[in-house]
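Notes to accompany the following structure.
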Amino acid sequence: MTEKNRGKRLVTYVKDYVVFDLETTGVNAAEDEIIEISGIKVKDGEVADTFSTLVNPGRRIPAQATAVNGITDEMVKDAPRIGPALLDFLEFAGKEVLVGHNIHTFDLNFICNGAAKHLGRIVDNDYIDTLFMARSCLPQLRHHKLVDVAEHFQISQEGAHRALNDCMMNQQCFEALAKLQETMPLNLCPKCGGELVERSGKFGRFWGCSNFPDCRYTKNIHG
């Protein structure tokens, strides 16, 4: 699933959103399967609802995946398959902005691939990846995994690597990162609200929208 078949990546805080997380059988969205989907719906900055389901992948869960998230074949044997589970999650999320950690290159690939394959639909919700926020707001950290960001903000990491627990952790991290972001200058695209990033072209360096190719806004780097 290419990035043009998903929503825009936003960089600034929104007060209504759904933070979500997945557990999977592996890291390859084309070959591996989702085994847990969780989400927390936030309205006006406050938690309003939660969603969580295990998913039966239709095959054995690799031992290395169980070692990370603790999810076993026995736990998912009576769980729904990915089609119904994903449909329920997407109905829960609606058109809200999706928030998650490393979702730009991981979770959204699984969600978009699964929705296309099993539901015949495109997931075009705009989204915010807190990994990008953490790298921007906390450059002093050596690593920017969710547990590293949570530790920085003294947020409990208990139960990490289970989807709902990670959602709870990330929701608190997102709110804390947003407060930091308020004190920082942002270089935003005036057309779509995405982040302007420095790029190199035929005539030298320039600012280009991070939502390219959907947004092709550019600006002279000295302008």
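Against the criterion of solvent-accessible heavy-atom surface with a 1.4 angstrom probe, Y127, Y13, Y217 sort, most first, into Y13, Y217, Y127.
Of S136, S156, which has the most accessible area with a 1.4 Å probe, and how do the rest follow in descending order?
So the residues, ranked largest to smallest area, are S156, S136.
In a DSSP loop and with at most 13 other Cβ atoms within 10 Å, the trypsin sites (Lys or Arg not before Pro) in segment 1-65 are K15, R59, R60. Net charge in the neighbourhood of P80 (other residues with Cβ under 12 Å of its Cβ; Lys, Arg +1, Asp, Glu -1) is -1. Put simply, the amide H of Y217, placed in the peptide plane, has neighbours under 5 Å in C209, leaving out anything fewer than 5 places away on its chain. Our summary gives segment 136-222 a relative contact order of 16 percent, counting only alpha carbon pairs under 8 angstrom and 6 or more residues apart.
Only lysines eight or more places from K41 in sequence, or on another chain, were considered; those with a Cα closer than 30 Å are K4, K8, K15, K77, K95, K117, K145, K179, K191. A cut-off under 12 angstrom between Cβ atoms defines the neighbours of D148, and their net charge, with Lys, Arg +1 and Asp, Glu -1, is +2. In a DSSP loop and with at most 15 other Cβ atoms within 10 Å, the GluC sites (Glu not before Pro) in segment 123-204 are E158, E182. Alpha-carbon geometry of segment 96-188: the Rg and the Dmax are 14.3, 43 Å, given in that order. Its residue count N sets the reference 2.2 N^0.38 Å, and the alpha-carbon radius of gyration of segment 160-212 equals 1.63 times that reference. Considering only A48, G7, A29, and ranking their Cα positions along the charge dipole of segment 1-74 that arises from unit charges at the beta-carbon of Lys, Arg, Asp and Glu, the one farthest toward the positive end is G7. Taking the 1.4 Å solvent-accessible surface of the chain as the whole, the part contributed by carbon and sulfur is 50%. When both bridge partners sit in the chain, DSSP labels roughly 75% of those beta bridges antiparallel.
Using just its DSSP H runs of length 4 or more, each adding -39500 (n - 2.57), the chain gives a mean residue ellipticity at 222 nm of -8000 deg cm²/dmol after division by all residues. The stretch between S156 and I122 holds 8.8 nm of extra length on full extension. This uses 0.36 nm per residue minus the Cα-Cα distance.
Could you give the Stokes-Einstein D for the chain in µm² per second, using the C-alpha Kirkwood radius, 4 °C, 1.567 mPa s? Roughly 71 µm²/s, to the nearest whole number. Simple spin-label estimate for A30 and R142 gives 3.5 nm between the two label positions (7 Å along the Cα-to-Cβ direction from each Cα). Of the GluC sites (Glu not before Pro) found in segment 1-105, the ones in coil according to DSSP and having at most 16 other Cβ atoms within 10 Å of their Cβ are E31. Isolated cysteines in the chain, defined as those with no second cysteine Cβ under 4.7 Å, comprise C112, C137, C167, C173.
Applying 1/(1 + (r/R0)^6) with R0 = 45 Å to the Cβ-Cβ distance of A48 and D73 gives a FRET efficiency near 0.85.
Mind checking the per residue accessible area of the chain for me, 1.4 Å probe, whole number of Å²?
On a per-residue basis, 52 Å².
The values are calculated or read from the model by the stated rules, or taken from the named source; none is laboratory data. This is a predicted model, so every value here is computed, not measured. Here the Cβ is made from the backbone with ideal geometry for all residues, glycine too, and neighbour counts use every protein chain on show. Heavy atoms of the whole protein, side chains included, go into the accessibility calculation; ligands, DNA and RNA do not. Shrake-Rupley method; radii C 1.70, N 1.55, O 1.52, S 1.80 Å.
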